[in-house]
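Participant: Here's a structure for you.
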């Protein structure tokens, strides 16, 4: 009979199946908060992991030595990780007798958990793929609408003696999305979700992303820009969602930002490192453009951040990723991948060396 160990905390429940020792060990290296968020009510035996021995590893407060000891003792073939999971020790992962074959990362970037070298040596790694692209796209839409309608100024203007129509025009300067020229820098799954959400608003869409070919962008009924400069010069609204690589690091310079027309909106739900943040803040401070951000060079933002000194800046605390109600979908996607792996089937959301290079 096979057996599955499913449990966490003080006790474990051994579930019998069909006799004999387990064929694979799966270790879920998650914090209690991550378990509640991504795998609420999870039971190994109930959702297709009957060909494995499952073990919960409490990662909160676990130091490097304790983490490596746990891996050495449990010898997982599959490791399920998330934001707070410790890094897989390099020497252990690359040793000849390492049992680890698959790291199933429930969340996005895997850089804090595995190295490119491990993937090159054959370690299978997946993440949430495009599972939550739509939530990031929704947040980008929220930010751009908030910037257009001056949402960051609402609380202050509501108590003004001249509260009313005059305030709307002279203080907040509300604007509509309908018919605007919208540019998207980057054309991954988030950008493509954005395209679907923006089209009903009758906007004029264009995109640029090196090295995404023209045909691929135009196939989605989006105008193609041959350069970053062309994209910025023609966009009344610019949404930044390009991946961060050595090539894109800092590519949105002050000169590029200066190409945006007066009172343009700049939204960033991608990576702060793509943009010259100091130049962006200066333009926002001078009220030349409206800025709406979810990502920053320093996170969490320090109390003395210049962004807090710009009343028009519409800021969110890096929450464009999975919403609370969508997080369970990420867990379901991960568990489905683990079950596929144990059955010898192809998994989804594979992180190749090339994809790894584009993550942060």
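Here, each number is a calculation from the coordinates, and none is a lab measurement. On a predicted model such as this, the values are computed, not experimentally measured, just so you know. Here the Cβ is made from the backbone with ideal geometry for all residues, glycine too, and neighbour counts use every protein chain on show.
Participant: Using only Cα atoms and rounding to the nearest 10 degrees, what angle (0 to 90) does helix 327-342 make with the longest principal axis of the chain?
Facilitator: Result, in degrees: 40.
Participant: Right, another one. Fewest Cβ neighbours within 10 Å first, please rank 38, 28 accordingly.
Facilitator: Sorted ascending by nearby Cβ count, the order is 38, 28.
Participant: If we restrict to alpha carbons, what Rg and Dmax does the stretch 82-221 come to, in Å?
Facilitator: Final numbers for Rg and Dmax: 22.5, 74 Å.
Participant: May I ask for the percentage of alpha-carbon pairs in the stretch 133-315 that lie more than 19 Å from each other?
Facilitator: 56 percent
Participant: Among 332, 215, 53, which one shows the highest mean-square fluctuation when the chain is modelled as a Gaussian network with alpha-carbon springs under 10 Å?
Facilitator: Highest fluctuation among the options: 215.
Participant: Between 0 and 90 degrees, rounded to the nearest ten: what's the tilt of helix 64-74 against the longest Cα principal axis of the chain?
Facilitator: Roughly 50 degrees between the two axes.
Participant: Here is a further query. Roughly what % antiparallel, to the nearest 5, for the DSSP beta bridges in the chain?
Facilitator: Among the beta bridges of the chain, antiparallel pairing accounts for roughly 15 percent.
Participant: Given the convex hull of the Cα atoms of the chain, what is a quarter of its surface area in nm²?
Facilitator: That works out to 20.9 nm².
Participant: Sort largest first and round to whole Å: the equivalent ellipsoid semi-axes of the stretch 29-159, each the square root of five times a Cα gyration tensor eigenvalue.
Facilitator: Ellipsoid half-lengths, sorted descending, are 37, 17, 15 Å.
Participant: Under a 10 Å cutoff between Cα atoms, tell me which one of 298, 60, 31 has the largest fluctuation in the Gaussian network model of the chain.
Facilitator: 298
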